[in-house]
Amino acid sequence: MKVLILNAGSSSLKYQLIDMNGEKLLAKGLIERIGIKGSRITQKVDGKAFDAEAPMKTHTEGIKWMLKALTDPEKGAVKSMDEIGAVGHRVLHGGERFTASVLVNDEVKNAIRDNIPLGPLHNPANLMGIEACEKVMPHTPNVAVFDTAFHQTMPRKAYLYGVPMKYYQTLHVRRYGFHGTSHRYVSKRVCEFLGLDRAHSRIITCHLGNGSSLAAVLNGKCLDTSMGLTPLEGVLMGTRSGNLDPAVVQYIANNEKMTVDEVLSMLNKESGLLGVSGISSDMRDLDDAADRGEDGAIIARDMLVWGIRKYIGAYAAEMNGVDAIVFTAGIGENNSNLRAMIMKDFDYLGARLDPEKNKTRNEAVISTDDSTVKVCVIPTDEECVIARDTLAIVEGHPIVD
Ligand code: AMP
């Protein structure tokens, strides 16, 4: 079966078409600026590029263009849209309702809608992606794969905040965590890779990209994770502040005559590596600037490293030790310098990096042979998880988690 993977944003659609017979990537595309002047679609199939600028006012029009590109006689990947057996949608927030991926029906759509207050930027877009597919491909089943689902195994002591219980009971205020498909994939893959018994394993996964989160995965289940009610909590990120004293919000709002919404927007979009350095949200730019001795870049990078080390120490404590520490996503997979900074002085834990092995960008062990804690790079593959879940659900097989 050929499965389409869709990641719908408010003005964009990212897609991949995967042939599940061999898990081969057939096509990869991006539609940008939906509803904005200059909408365009770019797609790659076997090195052949489809590139068009066309007005796309809605996600439905975007999906129509996607199908046009996918079935293009010269630059497409399939002869007809009937070859697409199912669509797997990345959905940000499943709240407490979804602990695993599900076949989309009206009830599921309503539940995604109910979770809009928890994921105000993403859930409406994810829903638009689903409804557009339903309109344009009415006979193709849709599956929703939630970023939050993997973290639903956290115990209460890990997911509750220290606020009156009524806010959890009435408003569902709690830690949900995100990047769940990535943490799920790499925590499982590292066990296969190292030959660990997953049912008796203690893994710390570090998903470090533009958005970053860590997770403690005990015996294959999420025990704790750094992101919270929203993706704002945790370590410093590209433009997000990560952890801070909540009183900072009030203090800045009062002094700068800003609303809470404005402060939150600043914490999401103008903070983190970008805000601290004043240079860039991209780690590559910060490495270059730090090499030139620019203080903003040096301190932003030091803060990121500091925060990640704190979580690694905390998660090792929560699990009574750790068997493997995994680095993944844009920074985790590619930035050996940052990995070396993070893993410095973890000898007490039994983890020491091998500088030569650490040069990799591929799946590899990067710790020394005598390290009792294995440190690994495992490239993440969220699309693979979405595609596998989608196939299992439409074929009626149990999901392999
Ligand atoms: P992501 O959100 O996973 O795409 O990660 C984005 C971050 O990863 C940015 O800070 C980039 O600097 C970093 N990154 C992505 N690709 C590379 C690369 N090839 N080399 C170094 N850093 C990279």
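Readers should treat all values here as calculations from the given coordinates under stated rules, not as data from a laboratory. Just so you know, these numbers come straight off a predicted model, no measurement behind them. For neighbour counting, all protein chains shown are included, and Cβ atoms are generated from backbone atoms with ideal geometry for every residue, glycine included.
Annotations for the structure displayed:
- Residue count for segment 344-377, restricted to those that are in contact with a helix residue (DSSP H, G or I) (Cβ under 8 Å, 6 or more places away or on another chain) and not polar (S, T, N, Q): 17
- When the criteria are applied in full, ILE325 fails the requirement of being within 30 Å of ASP288 (Cβ to Cβ), within 16 Å of the ligand (Cβ to nearest atom) and surrounded by 16 or more Cβ atoms within 10 Å (Cβ to Cβ).
- Just one of (1) surrounded by fewer than 17 Cβ atoms within 10 Å (Cβ to Cβ); (2) β-branched (Val, Ile, Thr); (3) in a loop (DSSP other than H, G, I, E, B) fails for VAL173. It is (1).
- Residues considered: LEU273, LEU267, LEU286, LEU236. Of these, the only one that is touching a strand residue (DSSP E or B) at 6+ places or on another chain (Cβ under 8 Å) and either under 22 Å from ILE204 (Cα atoms) or surrounded by 17 or more Cβ atoms within 10 Å (Cβ to Cβ) (or both) is LEU236.
- Some residue of segment 354-365 being within 26 Å of ARG198 (Cβ to Cβ) and in contact with an Asp or Glu (Cβ under 7 Å, 6 or more places away or on another chain): yes
- Listed by first and then second residue, the pairs with beta-carbon distance under 9 Å, at least 6 apart or on different chains, first residue in segment 330-344 and closer than 12 Å to ILE308 by Cα, second acidic (Asp, Glu) and more than 7 Å from the ligand (Cβ to nearest atom), are LEU338/ASP287; MET341/ASP302.
- Residues satisfying the stated conditions in segment 337-347, i.e. closer than 20 Å to ASP370 by Cα and surrounded by fewer than 21 Cβ atoms within 10 Å (Cβ to Cβ): ALA340, MET341, LYS344, ASP345, ASP347
- Taking helices (runs of 4 or more DSSP H) as the structural unit, those lying wholly within segment 242-282 and holding at least 1 residues that are more than 24 Å from LEU304 (Cα to Cα) correspond to 247-256, 260-269.
- Selection from segment 208-231 of residues that are under 14 Å from LYS188 (Cβ atoms) and either within 16 Å of the ligand (Cβ to nearest atom) or assigned to a loop (DSSP other than H, G, I, E, B) (or both): ALA215, ASN219, GLY220
- Residue check: MET154 meets all listed conditions (1) closer than 19 Å to LYS28 by Cβ; (2) touching a Cys at 6+ places or on another chain (Cβ under 8 Å) but one, namely (1).
- Among the conditions (1) part of a loop (DSSP other than H, G, I, E, B); (2) free of Cβ contacts under 8 Å to residues at least 60 places away in the same chain; (3) more than 16 Å from TYR185 (Cβ to Cβ); (4) away from the ligand (no atom under 16 Å from the Cβ), the only one that ARG361 does not satisfy is (4).
- For beta carbons closer than 6 Å, sequence separation of 6+ or different chains, a first residue in segment 170-195 that is more than 17 Å from ILE325 (Cβ to Cβ) and a second that is crowded, with 24+ Cβ neighbours inside 10 Å and among the aliphatic types (A, V, I, L, M), the qualifying pairs are GLY177/MET227; PHE178/MET227; GLY180/ALA149; THR181/VAL385.
- Set ILE298, ILE308, ILE312: member being among the aliphatic types (A, V, I, L, M), touching a helix residue (DSSP H, G or I) at 6+ places or on another chain (Cβ under 9 Å) and without any contact (Cβ under 8 Å) to a residue 12 or more places away in the chain: ILE298
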